Amino acid sequence: MEYIKILTEETQRPLSRRKLFIKAGGVLWLSSLLAGCGVPAAQRTGTSTPTVSPTEPPSSPVAPLDPNLLTIYRGHSAEVYIVAWAPDSEHLASAGRDKIVQIWDARNGSNQLAYTGHSDRITALDWSHKGGRIVSGSRDQTAQVWNTQTGHTLYTYKGHRGEVLTAAWSPDDSRIATAGLDGTVQIWDAQTGARLSTYSGHTDAVTVVSWSPDGKRIASSSLDRTVQVWDARAATNFFTYTGHADVVNCVAWSHTGTLIASCGQDKTAQVWNAQDGSSPLVYKGHTATVDGLAWAPDSLRLASGSYDRTVQVWQVRDGSPLYTYRGHTDVVEAIAWAPDGTRIASCSDDRTVQVWLAPK
């Protein structure tokens, strides 16, 4: 099926990670279909702030350095769509339009490894909880599991009929959930790649999947404007959350297991009861689409990243703001909170990943 890009009037370039396309019969919001890249990221190195100098001009004026900024990683040659912490809180993996997953030191930005197994842009990335393995998903319609020390591909999963937009390890690392443009969530064995079950409850592309801490349920967000919570083994729906007025870009289960957060095109982030979707708290601090979420390890704070170029950290109990990070010069695509709770990493269409101190 062919899609026609709609360019913004202001910049005459495609919208960000999830862009507007035309398809037969209607309008579809989906992950960015940008093609091509500049200098291969493996040929570039990350550097640290405040002495860092970009190897090519930024896409927009340089933002003032935030006082909490620790490191800027500039190893990517194109937009960065996803970032994930290693369990040791010392390393990060990031990927995007340049088709390369890069592993680097979170303290100084030095590059450790570049994974080049995908043939198209990468929009899904997750580090196994025990370390040592990463699963990455791509527009090449595959999810690949590989060794983080050697970059060796362990196996390639080819069950999807479209771009893989999200991938997540189960809490015990025994299963992997992937989903994407084909509208299905597929659960497969993390050792063999054998498919275990398929969830087909959504009516449009699935943007993000998140496991419950006990590994029994999965929450999935979708272009169909819903978040669906369902049994991870039986693939049967428990309930559907319909609190958003537009496309839902992201969903994240709290570490305590009692709450779920979601965000989307309606410019809100919402926190609600994981048992039945009741008692939603709606955060309206952003002025544009909210694209990413990350829980603090204590589940008392939440970070949300937006097309308004900010990351906002706020109290879950009442939605009161704690801190706004303004270091990016373009859309914030995704965020990740370090397992040790001390830092937050955010990635952007400005081609950087930025690591900064998490507010207490």
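Any read-out appearing in this document is the output of simple, stated calculations on the displayed coordinates, not a laboratory observation. It should be emphasised that the depicted structure is a prediction, and the values quoted were computed from it without experimental measurement. Cβ coordinates were reconstructed from backbone atoms using ideal geometry, including for glycine residues, and neighbour counts include every protein chain displayed.
The set of residues in the stretch 253-292 that are touching an Asp or Glu at 6+ places or on another chain (Cβ under 9 Å), part of a loop (DSSP other than H, G, I, E, B) and among the acidic types (Asp, Glu) contains only 266.
Go through the stretch 117-140 and count every residue that is surrounded by fewer than 15 Cβ atoms within 10 Å (Cβ to Cβ) and under 24 Å from residue 181 (Cα atoms). Total meeting the criteria: 1. Checking 300, 293, 281 one by one, the residue that is in contact (Cβ under 8 Å) with a residue 24 or more places away in the chain, more than 21 Å from residue 71 (Cα to Cα) and either crowded, with 22+ Cβ neighbours inside 10 Å or of a type in the set (A, V, I, L, M) (or both) is 281 and no other. Of the residues examined, residue 110 is one that is of a type in the set (Gly, Ala, Ser), under 26 Å from residue 326 (Cα atoms) and touching a residue at least 60 places away in the same chain (Cβ under 8 Å). Looking at residue 191, is it touching a Gly at 6+ places or on another chain (Cβ under 7 Å) and of a type in the set (S, T, N, Q)? For residue 191, the condition - touching a Gly at 6+ places or on another chain (Cβ under 7 Å) and of a type in the set (S, T, N, Q) - is not met.
Among the residues here, residue 70 qualifies as out of contact with any Gly (no Cβ under 6 Å at 6 or more places or on another chain), surrounded by 18 or more Cβ atoms within 10 Å (Cβ to Cβ), over 23 Å from residue 144 (Cβ atoms) and of a type in the set (A, V, I, L, M, F, W, C).
Looking across the stretch 170-223 at every residue that is assigned to a loop (DSSP other than H, G, I, E, B) and among the β-branched types (Val, Ile, Thr), the one that is surrounded by the fewest Cβ atoms within 10 Å (Cβ to Cβ) is identified as 192.
Of the residues making up the stretch 143-169, those that are crowded, with 22+ Cβ neighbours inside 10 Å and either assigned to a loop (DSSP other than H, G, I, E, B) or more than 19 Å from the chain's Cα centre (by Cα) (or both) are 157, 163. Checking each residue in the stretch 310-360 for being over 18 Å from the mean Cα position of the chain (by Cα), within 17 Å of residue 285 (Cα to Cα) and hydrophobic (A, V, I, L, M, F, W, C) picks out 314, 316, 322.
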